[in-house]
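Encoded as structure tokens, the structure appears first; notes follow it.
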Amino acid sequence: MSDSYYLFKGCLIPTRVPNLEKASLIVLDAMGVDHRPLPGATCCVEPIGLRSMAADTWLVTVARMLAIAETEGRDVLTLCNGCYLSFQEACHALQDPALLEKVNLVLSSLGREYRGGVKVRHLLDLAHEKGEEGVKSHVRRDLSAFKVAPHSGCHVLRPSKAGLRERAYAPRMLGDVARWLGSTVVSEEGWPECCGGGVASIDDGVSTGMLEDVCSVYRRSGATCILTPCPFCFSQFDLRQKGGLPVLHLSELMALAFGATPEEIGLRYHRTKLGPISGSP
Amino acid sequence: MWQRLTEGVRIESIGTETNLPDPLGELARCHQCGQCAGVCPSQKHGGIKPADTMVKLHLSLLQPNAPELWLCAMCNSCTERCQLGVSPSDRIQEMRGRATLAGHCPKSFQEEAKLFMRTGLAFPNSGLTKKLRKELDLDELASDAQTLNELAALVKATTLGRVPLER
Ligand code: SF4
Ligand code: SF4
């Protein structure tokens with residue numbers, strides 16, 4: 001396991017919610033993680049729309065970035081469930097030597113080759129791997145007033161056949177990290193529900209229906225905010241939800257726990273405001 | 001299932017085909033138990049019906065322009081739940097690929113594809129992006145020429161380069 005990473009920021013975070021990028025950078029620096037932006041990065045060919053248009057384009061695009069990461073011997077770190085699944089499924093698929101050869105045929109025309117040696121981690125994995133003591137040692141602020149409902153998001157859990165780290169039923173990694181950070185976890189996921197973000201641009205009724213199903217459960221749990229490691233779920237909850245339950249991305253809860261101020265990490269950019277619990281208006 | 005991923009490269013024209021090839025027999029295995037339907041959040045709200053879709057695909061009854069193909073949120077619940085390895089979301093994804101080549105991809109995804117090919121990103125680096133990044137003291141987003149050249153070559157060598165896109 002390599003301890004130095006190429007940070008793959010993806011598309012959604014740097015363009016639409018750069019406040020999550022800011023929080024993530026603060027968190028990685030606070031934990032002393034050796035990270036650098038992945039050179040030559042493009043979109044991961046997200047697993048909902050783009051990838052289903054052209055699956056081979058997805059595989060070669062990710063393989064190109066894995067080849068770049070491999071030359072420096074760094075693993076890839078993502079901040080997004082979509083990016084994580086794109087990379088993880090590609091890593092998994094490319095363990096098949098015949099497929100790897102086919103992909104390398106295209107990569108060779110770019111002067112690149114992937115040998116199959118890169119691993120990918122989500123910020124959630126990284127935090128969980130630090131363990132309770134490892135996470136607690138960085139905590140500088142009491143977050144017990146945060147009553148969080150963990151929402152893992154589909155693409156860190158499913159499909160399990162892609163060798164994902166979290167399990168598909170009753171995931172607990174996110175809740176563990178939230179507790180280690182000192183927040184109060186008020187609900188646990190069973191069969192994890194989808195936020196409906198994948199059809200938001202196609203059918204508002206279906207998307208909103210799915211969103212309300214999952215939010216109503218979190219509202220009933222007494223949560224003061226939803227916690228998710230995924231910026232797509234984050235945006236769906238923050239921008240499209242009717243009930244007004246605020247949401248935090250994992251990087252934000254970590255940054256707050258590690259002592260960053262709400263101003264620094266741009267909590268003011270949330271559409272659904274966190275109010276007094278965050279210490280910001 | 002991975003053997004099939006690059007199969008798209010060889011498909012030249014699929015205009016009138018309504019069936020999904022089933023070389024590994026996943027579709028044939030579906031016994032309509034309905035487990036996938038039970039966990040599908042889209043079906044609950046009038047969207048795609050995965051069990052239904054599997055049988056239609058197997059019987060060549062699904063047209064490539066079927067709107068429900070795009071009402072799948074790709075949450076992978078159906079694939080996780082199915083005990084026979086039919087992997088409905090993978091089959092839906094394959095059928096979307098065929099529908100796309102036949103010119104039936106929704107506009108929003110086409111726009112995303114165009115942006116990806118032009119800038120390397122799936123979301124626009126807009127004026128608001130620049131403003132927010134500046135306020136947060138983050139560096140400016142920039143895509144370098146070499147990356148875009150490599151991306152263009154890669155797109156040309158794969159299926160996305162052959163996808164008909166509306167202007
Ligand atoms: S796809 Fe699987 S879960 Fe769905 S009906 Fe067929 S066998 Fe059952
Ligand atoms: S992946 Fe699509 S078809 Fe399968 S359960 Fe999710 S929304 Fe339904």
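Exactly one of (1) under 20 Å from A:Leu20 (Cβ atoms); (2) without any contact (Cβ under 8 Å) to a residue 40 or more places away in the chain; (3) charged (D, E, K, R) is unmet by A:Glu188. Its number?
For A:Glu188, the failing item is (1).
Hey, does segment B:101-113 have a residue that's within 13 Å of ligand 2 (Cβ to nearest atom) and part of a helix (DSSP H, G or I)? Spell out how you get there, then give the answer.
Just the residues of segment B:101-113 that are within 13 Å of ligand 2 (Cβ to nearest atom), to begin with: none.
No.
Would you say B:Glu80 is more than 18 Å from B:Gly25 (Cβ to Cβ), at the interface with another protein chain (Cβ under 8 Å from one of its Cβ atoms), within 16 Å of ligand 1 (Cβ to nearest atom) and not in a loop (DSSP other than H, G, I, E, B)? I'd like the intermediate steps shown before the answer.
Numbers: more than 18 Å from B:Gly25 (Cβ to Cβ): yes; at the interface with another protein chain (Cβ under 8 Å from one of its Cβ atoms): yes; within 16 Å of ligand 1 (Cβ to nearest atom): yes; not in a loop (DSSP other than H, G, I, E, B): yes.
It is true that B:Glu80 is more than 18 Å from B:Gly25 (Cβ to Cβ), at the interface with another protein chain (Cβ under 8 Å from one of its Cβ atoms), within 16 Å of ligand 1 (Cβ to nearest atom) and not in a loop (DSSP other than H, G, I, E, B).
Tell me the residue from B:Leu132, B:Leu84, B:Leu115 that is in the same structural domain as B:Gln43 (by TED's automatic domain parsing) and not charged (D, E, K, R), please. Before you say what the answer is, go through the steps one by one.
On the way: B:Leu132 fails: in the same structural domain as B:Gln43 (by TED's automatic domain parsing); B:Leu115 fails: in the same structural domain as B:Gln43 (by TED's automatic domain parsing).
None of the other options fit; the residue is B:Leu84.
Have a look at A:Gly10, A:Gly40 and point out the one that is at pLDDT 95 or above and in contact with a Pro (Cβ under 8 Å, 6 or more places away or on another chain). First the steps, then the outcome.
Values: A:Gly40 fails: in contact with a Pro (Cβ under 8 Å, 6 or more places away or on another chain).
Among A:Gly10, A:Gly40, only A:Gly10 is at pLDDT 95 or above and in contact with a Pro (Cβ under 8 Å, 6 or more places away or on another chain).
Which of the residues spanning segment B:45-67 are part of a helix (DSSP H, G or I) and within 15 Å of ligand 1 (Cβ to nearest atom)?
Filtering segment B:45-67 down to residues part of a helix (DSSP H, G or I) leaves B:45, B:50-58, B:67.
Those that are part of a helix (DSSP H, G or I) and within 15 Å of ligand 1 (Cβ to nearest atom): B:Pro50, B:Ala51, B:Asp52, B:Thr53, B:Met54, B:Val55, B:Lys56, B:Leu57, B:His58.
Six or more apart or on different chains, Cβ under 9 Å: which pairs go from a residue in segment B:19-48 that's touching a residue at least 60 places away in the same chain (Cβ under 8 Å) to one that's basic (Lys, Arg) and not in a loop (DSSP other than H, G, I, E, B)? Could you list them?
Close Cβ pairs (under 9 Å, with a partner that is basic (Lys, Arg) and not in a loop (DSSP other than H, G, I, E, B)) amount to B:Leu20/B:Arg91; B:Leu20/B:Arg98; B:Glu26/B:Arg91; B:Leu27/B:Arg91.
Considering only segment A:16-38, I want to know if a residue exists there that is out of contact with any Cys (no Cβ under 6 Å at 6 or more places or on another chain), touching a residue at least 12 places away in the same chain (Cβ under 8 Å) and of a type in the set (Ser, Thr, Tyr).
Among the residues of segment A:16-38, at least one is out of contact with any Cys (no Cβ under 6 Å at 6 or more places or on another chain), touching a residue at least 12 places away in the same chain (Cβ under 8 Å) and of a type in the set (Ser, Thr, Tyr), which makes the answer yes.
What strands (runs of 3 or more DSSP E), lying completely within segment A:1-105, carry at least 1 residues that are within 11 Å of chain B (Cβ to nearest Cβ)? Walk me through how you get there before you give the answer.
Values: elements: A:4-8, A:34-37, A:75-78.
Hits in segment A:1-105: A:34-37.
Would you point out the residue of segment B:96-117, among those that are free of Cβ contacts under 8 Å to residues at least 60 places away in the same chain and more than 22 Å from A:Phe232 (Cβ to Cβ), that is nearest to the chain's Cα centre (by Cα)?
Only one residue tops the list, namely B:Ala99.
Scan segment A:211-259 for residues that are over 18 Å from the mean Cα position of the chain (by Cα) and polar (S, T, N, Q) and jot them down.
A:Ser216, A:Ser221, A:Thr224, A:Gln241
Buried (at least 22 other Cβ atoms within 10 Å of the Cβ), under 18 Å from B:Val163 (Cα atoms) and within 14 Å of ligand 2 (Cβ to nearest atom): which single residue out of B:Arg91, B:Arg96 fits that description?
Details: B:Arg91 fails: under 18 Å from B:Val163 (Cα atoms).
Checking each option against the conditions leaves just B:Arg96.
Could you list, in sequence order, the residues of segment B:107-163 that are at the interface with chain A (Cβ under 7 Å from one of its Cβ atoms) and at positive phi?
Selection gives B:Gly120 alone.
The values are calculated or read from the model by the stated rules, or taken from the named source; none is laboratory data. Because the structure is a prediction, the values reported are computed rather than measured. All Cβ positions, even for glycine, are placed from backbone atoms using ideal geometry, and neighbour counts span all protein chains on display.
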